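Here's the structure, in structure tokens; my notes come after.
The values are calculated or read from the model by the stated rules, or taken from the named source; none is laboratory data. Fair warning: this is a prediction, and the values are worked out from it, not measured in the lab. Neighbour counts run over all protein chains shown; Cβ positions are idealised from the backbone, glycine included. The protein model used for the area step is the full one, side chains on, heavy atoms only, and it has no ligands, DNA or RNA in it. Shrake-Rupley method; radii C 1.70, N 1.55, O 1.52, S 1.80 Å.
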Amino acid sequence: MQKGEKLNDSQEIRIGVFICHCGTNIANTIDVKKVAEYASKLPEVTFASDERYVCSEPGQALIRDSIKKHNLNKVVIASCSPRMHEPTFRKTLEAAGLNSSLLEMVNIREQCSWVHMHEPKKATEKAKALVASAIAKAGLLEPLYPLKFKVTPSTLVVGAGIAGIQASLDLANKGFKVYLVERAPSIGGHMAQLDKTFPTLDCSACILTPKMVDVPRHPNINLLSYSEVKSVDGFIGNFKVVITKKARYINEVKCTSCGVCAEKCPVKNIPSEFNLGLGKRAATYVPFPQAVPPTYTIDKENCLWFTKGVCRVCEKVCPANAVDFSQEEQEIQVDVGTIIIATGYDLFDVKQKPEYGYEMYKDVISSLEFERLLSAAGPTGGKLVRPSNGIEPRKIAFIQCVGSRDVQTNPYCSRICCMASIKHAHQVKEKHPDAEVSVFYIDLRAFGKGYEEFYARVQQEGVNFVRGKAAEVYKEPNSDNLTLVFEDTLLGEVQEQEFDMVVLAAGLVPRTTAEPIQKMLKLSLSPDNFFLEAHPKLRPVETQIAGVYLCGCAQGPKDIPDVVAQASAAASQASIPLAKGEVVAEPTIAYVDQDLCCGCKVCESVCVYDAIEVEATDENGKAKVNEALCTCCGSCVAACPARAITLRGFTSEQISAQFEALLKPAQQRD
Amino acid sequence: MNAQELIQKHKLLECIHCGICTGSCPVSRNAGLNIRKYMREVVAHGDVTVHSQNELWSCTTCATCGIRCPKEIIPYEFLIDIRSLAVEKGQVAATIRDALESTFKNGNPWERIRSKRSEWTQGLEIKHISQGAEMLYFVGCTPAYDPRAQKIARSLAECLGKANVDFGILGVEENCCGSEIYGMGEKGLFEFLVEENMKIFRKHHIERIVTGCPHAFHTFKNRYDQTDFEVQHHTQLLSKVIEEGKLTFSKELKKQVIYHDPCFLGKQNGVYDEPRKAIESIPGVKLLEFDRTRERSLCCEGGGGRMWIDITGPRLAENRVRNATKYGAEILVTACPFCLSTFEDAVKTTGLEGKIQIMDLAELLSLAL
């Protein structure tokens, strides 16, 4: 059949019906033979049969052969959810020379046999009704043809932690243009803040910085640091992105990173974000020595010129003449075919657990702060000391699951904290072999490659693992030490022990700053508020929005190996449309009958995807559907007062026919 | 209630045995109460284990276990149900039995006769609610009868009078609020008290209640399942009238004052700032803080029926008054008649008499009027 051609009205409708056993999944509950027999007697049905696995090759062969043998022009398959096998069967139809839209699927597994497992008789009746309804619709099906769009061969990557860096490098190495946007002055993300990585104890900076350095050097990567995505329009293959590049007040090209500006800057007491407030920085700064780009940034909030209108010392001392107070925020527009979200995570705010006394006691710190205390580039130069007095700690406690596995805060497991604390415990032992280290845990989850082995090693090093969630940290009057109260649940004993430092293994939470991009792209969130993948198992890096992919902790807490693997997966997925050069979209979308449309714009107001628009003409503007953006949700169809809009593949006639068949009294089906 | 019902009601199968409940329990070390094990035993044995009186009745229903539970299980409510089983079987200490009987008969657990309920008002002009007033002052059993706690009632009446708050009392019509009865597990009697009290409140068209007892406050607010009236704790009302300039001070009080958060006011209802604001508004007063303060306040062991049963072991109230002096406090202020009573006892047993005074917020304020 040629494109645009309708089934001839006079052409006889010949429907083939295939009822799947799905092994025992369906057949154990539903009498499939009876359903097939019933279907065979319905008008317009030429052939009906049942099959053990319709999705199997013999099953598909049956369909293909039957189409040819019986000259079928419509197919109904009653099996599992169309989400499972609709694409499979569409291809089967195509292979037999039928338009793939002439298929109607009935879900008699999830929506029938599984839910009515204990009522086989009624389940069979229901299956008959569902099949009859599908047959009624099938009779009215029209051939539809997929839509094709050209693709801009470039990708926007949002966030330049290890996830964004890995995804960008992969795409760039494949030969695609990448725009990598990072809101902070430097790329690197949380991984740059870590001292060592578990379980191999690689120096985090040592393994990360080579990748960081590769980013700006790569001819295919356009790094936009200190920038934010302002808006995204368009659709897969054709996104239009506006990026705001914030003013650094220091020229990126001229700056030689000599650091004289920061040295001479009189404002030196700003808590360093990179060191989580444990160290200070000047108002002119690079966040850390290996920053990429190494350009200095003037922090407008604290710079004396911006706050008080005085100073400008940096401008006078800069040997490269790079300071430029007249610099302004820039807007950059780029066209991309795909987008990768790699916005990472925030650390759980441990202040929400007042029982642990964070902020009350200087020696109670978060696990990320502990990383900075261990790091040679950190505020203490890698010397592990108590923040309260600068003395080496002798007794350190690690409290697990702070903000994780807790329905009051975050019900999920943050996945990295067990291993991070085991690593920290090891590092304490390495620096101070005599120090006593205790880890208070609920369950120790050492699930990754080499993790359990690492845990065993740290146990052998003498770290005391106590099964019990620490209950409270307090201080006796006039004491320098912290008293920790806990139940050793294996003994069933409540104990109090003194420590001179307590580290809270804080959980991972969704980045609050990722909210604008989520709204812009209308991305769904899972119940934990991380970005939701299209399918938890089979489409783990795609989203419900075509052309938008996820990786790293933006999708959920994970450790570095998982982040890197997922980033490569997202890059791979995001490159598919780029490599193909075109995208094919489902033909089941809305279309407007121009004769009926009165241009009232009601459809515009109900479409959450901005996929329908009344054209601005002098008079009688008509609604027009953006075929790439339409998701076939049906809102406009229901809202249109002139009934001018129809969904292809779900027309009112088709739906009515389905209802009529469904509502027919059961006795008429015998 | 059998094991299965307990498991269902308290979501015991969801417990991950992290131990934060038992670790947080203020009496677990002294009395040996391990609430987590209690819950586990019901699940593992399918039966309710018999526990020693000392353990079972040591719980003060301070609620810390429930507040910190990561699975939102409420262990102290489970324990109250275990107490209910003991109460049903009559397996309770004579003192508890007497308190329950007295509440049924006299409307108070102190075994005092009803006619003496407004004895504390002697010499004060306080109107009965039936004479018409904007607000009911619900006195509560302890401030009504206990000679030491009566001073709370008298001071509060003085403060409210000075601030021109139009209030009245129920006099001998007033009943036990039921808070401690609930905590002792006598839920039938509690329901009876709720009905009786609601009848009386309705009769007098009560729309606003102020009480000096956090236990009554919590119970009216959270356990009465009613929308007839609003209840305030006196710390909230006092802080408000001070802020509005209705209650002013004429004297300076050059004192170092430390405030103890009662569990039923702080942890269970989040009232932390109002009492502190009120204290700090007194000229000359310096407010000190315990290390274990606000959400981490250490229970005084006065709640959950503990006023009517003697549990062996050292007293947390002693720790509290000792620490108060270590922080340099001259007055330990609280806002609960039970805290007041346990601290007064602790001052004696620790030999700190003359070194520290125990006061209710209302008493402290009235010193500066």
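Structure notes:
- Over region B:281-358, the ratio between the Cα radius of gyration and 2.2 N^0.38 Å evaluates to 1.10.
- Here is the size of region A:82-231 from its Cα atoms: Rg then Dmax, 26.0, 68 Å.
- Each Cα pair under 8 Å and six or more residues apart adds its separation to the average, and for chain A the resulting relative contact order is 13 percent.
- Protein accessible area in region A:484-632, 1.4 Å probe - carbon and sulfur %: 50
- Region A:567-670: relative contact order in percent, alpha carbon pairs under 8 Å with at least 6 residues between: 29
- Per residue, the convex hull spanned by the Cα atoms of region A:260-317 amounts to 77 cubic angstrom.
- Where only C-alpha atoms are counted, convex hull volume of chain B per residue in Å³: 130
- C-alpha long axis of helix B:337-349 to longest principal axis of chain B, angle in °: 90
- Residue ranges A:370-376, A:208-214 sort as A:370-376, A:208-214 when ordered by packing (mean number of other C-beta atoms within 10 Å per residue, highest first).
- Our coupling estimate for region B:187-199, obtained by passing each phi through the Karplus curve with A = 6.51, B = -1.76, C = 1.60 and θ = phi - 60°, is 6, x, 5, 4, 4, 4, 5, 4, 4, 4, 5, 5, 4 Hz, Gly and Pro reported as x.
- DSSP-loop trypsin sites (Lys or Arg not before Pro) across region B:237-286, with at most 14 other Cβ within 10 angstrom: B:246, B:251, B:254
- Cross-link partners of residue A:240 among aspartates and glutamates, defined as those whose alpha carbon lies under 17 angstrom from its own and excluding same-chain residues fewer than eight positions apart: A:228, A:331, A:335, A:582, A:610, A:627.
- Pairwise centroid distance, computed over Cα atoms, of region A:537-606 with region B:237-252, Å: 62
- The H on the amide N of residue A:472, modeled in the peptide plane, is under 5 Å from the matching H of A:485, each at least 5 residues off or on a different chain.
- Two-decimal ratio, region A:590-647, of alpha-carbon radius of gyration to 2.2 N^0.38 Å: 0.97
- An ellipsoid equivalent to region A:346-509, defined through the eigenvalues of its Cα gyration tensor, has semi-axes of 21, 19, 17 Å when rounded to whole angstrom and sorted largest first.
- Rg of the Cα atoms in region B:231-369, relative to 2.2 N^0.38 Å, amounts to 1.02.
- Crossing angle, helix A:560-580 versus chain A [Cα axis fit, 0-90 degrees, rounded to tens]: 40
- Point-to-point label distance, residue A:643-residue A:242, nm (Cα→Cβ direction, 7 Å offset): 4.1
- Angle in degrees between helix A:82-95 and the longest Cα principal axis of chain A, rounded to the nearest 10: 50
- Distant-in-sequence amide contacts of residue A:366, defined by a placed amide H-H separation under 5 Å and a gap of 5 or more residues or a different chain, comprise A:504.
- Helix-only [θ]222 nm of chain A, DSSP H runs n ≥ 4, -39500 (n - 2.57) each, per residue, nearest 500: -8000 deg cm²/dmol
- Probe 1.4 Å - accessible area at residue A:70, Å² to nearest ten: 50
- Chain A - Kirkwood radius from inverse mean 1/r over Cα pairs (Å): 29.3
- Over all orientations, region B:77-182 has a Cα convex hull whose mean projected area works out to 7.9 square nanometres.
- Column: log10 I(q)/I(0), Debye, Cα scatterers of region A:419-574, q = 0.12 Å⁻¹: -0.72
- For residue B:357, the amide hydrogen comes within under 5 Å of the amide hydrogens of B:331, B:332, counting only partners 5 or more places away or on other chains and with H modelled in the peptide plane.
- Along its three principal directions, the equivalent ellipsoid of region A:233-357 from the Cα gyration tensor extends over semi-axes of 29, 26, 13 Å, largest first.
- Per-residue Karplus couplings for region A:194-207, computed as 6.51 cos²θ - 1.76 cosθ + 1.60 with θ equal to phi - 60°, are listed in order as 7, 7, 10, 10, 8, x, 8, 6, 5, 5, 4, 4, 5, 8 Hz, Gly and Pro entered as x.
- Compactness of region B:146-192 is given as radius of gyration and Dmax, 14.6, 40 Å, from Cα positions.
- Projected area, mean over directions - region B:3-88, Cα convex hull, nm²: 4.9
- Pairs of alpha carbons in region A:162-273 separated by more than 19 Å make up 59% of all such pairs.
- Under Karplus coefficients 6.51, -1.76 and 1.60, residue-wise ³J(HN,Hα) of region A:238-247 in Hz, glycine/proline x: 9, 7, 10, 10, 10, 10, 9, 9, 6, 7
- Minimum 50 Å² accessible area buried by the other protein chains, region A:478-520 residues, probe 1.4 Å, relative to alone: A:487, A:494
- Legend: distances between Cα atoms for A:150/A:522; A:383/B:326; A:268/A:300; pairs beyond 25 Å are A:383/B:326.
- Links that overshoot a 25 Å alpha carbon limit, given the list B:162/B:251; B:151/B:203; B:199/B:267: B:151/B:203; B:199/B:267
- For the chain pair B and A, buried accessible area totals roughly 2400 Å², probe 1.4 Å, rounded to the nearest 100.
- Occluded residues from region B:5-34, i.e. those whose accessible area drops by 50 Å² or more once the chain is not alone (1.4 Å probe): B:16, B:18, B:20, B:23, B:29
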